[in-house]
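Below is one structure; the comments refer to it alone.
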Amino acid sequence: MDTQHNTALTRALAEVPGPLPTRGVIHITIPHTDRFTVVGNHLAQHPDLSCTAVGLAVRIQSLPQGTEVSIKALAARCREGEKRIAAALHELEAHGYLQRFLHRLPGKKVATRTVFCNQPAELLLPRSQMPAPVPAPVPVPAQPQAQPSAQPPAHAPESDPEPESEPEPEPEPEPEPESEPEQAPAPPVPPAPLPVPPPPPPPPFVPLVPPPTAPKPPRPPLPQPGALTPELDRAATALLSDLRRHAPQFTLSEDDIRQLAPAVATWLERDAHPDIIRRTLTDDLPQPLRHPVKLLKHRLTALLPPPLPGACDLAAPARPGIVVTPFQTCDDCDRAFRSPTPGHCRDCREIREHRGEDVRVAA
């Protein structure tokens, strides 16, 4: 039985169109012929609904009209308890898939009615933008063709004794009734001139995971130092060769070390300590590690630190529009006063002007 199962799985995988993805799920799609329900991706991949709510919505959508979908009825059909079913119904009701309202019955009784919509986003569109229903085909009655062929010979013997000009107008009215039944099915054809409905609105969300066949973006190049000096190249080569002492998975070849050395030299050029580089490259490794060189390229490129700022970059910028006048010391009284240039304070200037002496006026 195991060999048959593996053979059937291998044959099914060989029939999958396109190249198989290197990771993730592989779909083997077998078309349904009966007992199936169409479920939109807006529900199956809804980012805000829990898996319980999505599964419960699929269960309700697959039930026929008139089936009881109360909390107790669903709890009897499903393995989930009433509390989880009630929470899932509240989620579906919050996102528009489920609506419950009270319906008054004859008398004073009130019943709860449940309505499930498979595309709640379409209900928000105006009626003019909703997709038009496809008209049903109109059956065309079959017209017997044996009668018109039998009519001309009936008139043929009558045309012998009469002149040849008289039988000519008789076949002319006969094709007219033939053309009328042929034009009868024309009225059901006018679906063509109907206005083309506008395109449907975009889905409420876009899947974050691209399909396996989507083209992958090109990988960014490895960082390169400004100047690969012999000292930087020697230090980067030694650091890469020493990685196998700390993580045996990183036993690199000489070609790999020669290819990764410029990227490590860029880290060293930006004043990154060798211990920090080693810890960044070897910590939190995936298990199992299948491609160590690819992991080193990714971490050296994605986690590259910026260059250290200079002293001018760390200085606080001066606020524009504000000029601070420095303090000066008076030459006579040693009093402090604000002035752009050294000189005398206001009191000393007045005394010198009164004595007639020279005054050093601050600008």
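Every number here is computed from the coordinates shown, using simple stated rules; none is lab data. Just so it is clear, the model here is predicted, and its values are computed rather than measured. Ideal geometry is used to build each Cβ from the backbone, glycine not excepted, and the neighbour counts take in all protein chains shown.
Structure data summary
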{"item": "Separation in nanometres of the label points that stand 7 Å from Cα toward Cβ, at residue 213 and residue 15", "result": "1.8"}
{"item": "Residue 113-residue 331 pseudo-label distance in nm [points 7 Å out on the Cα-to-Cβ vector]", "result": "10.3"}
{"item": "Residues residue 247 and residue 346, FRET efficiency given R0 of 56 Å [Cβ-Cβ distance, rounded to 0.05]", "result": "0.15"}
{"item": "Pair residue 7, residue 275: separation of 7 Å Cα→Cβ label points (nm)", "result": "6.3"}
{"item": "Proximal lysines relative to residue 294, as straight alpha-carbon distance under 20 Å, when same-chain residues fewer than 8 apart are discounted", "result": "216"}
{"item": "Model label zone, residue 121; criterion: amide N under 15 Å from point 7 Å along Cα-to-beta-carbon; scope the stretch 38-57", "result": "39-49"}
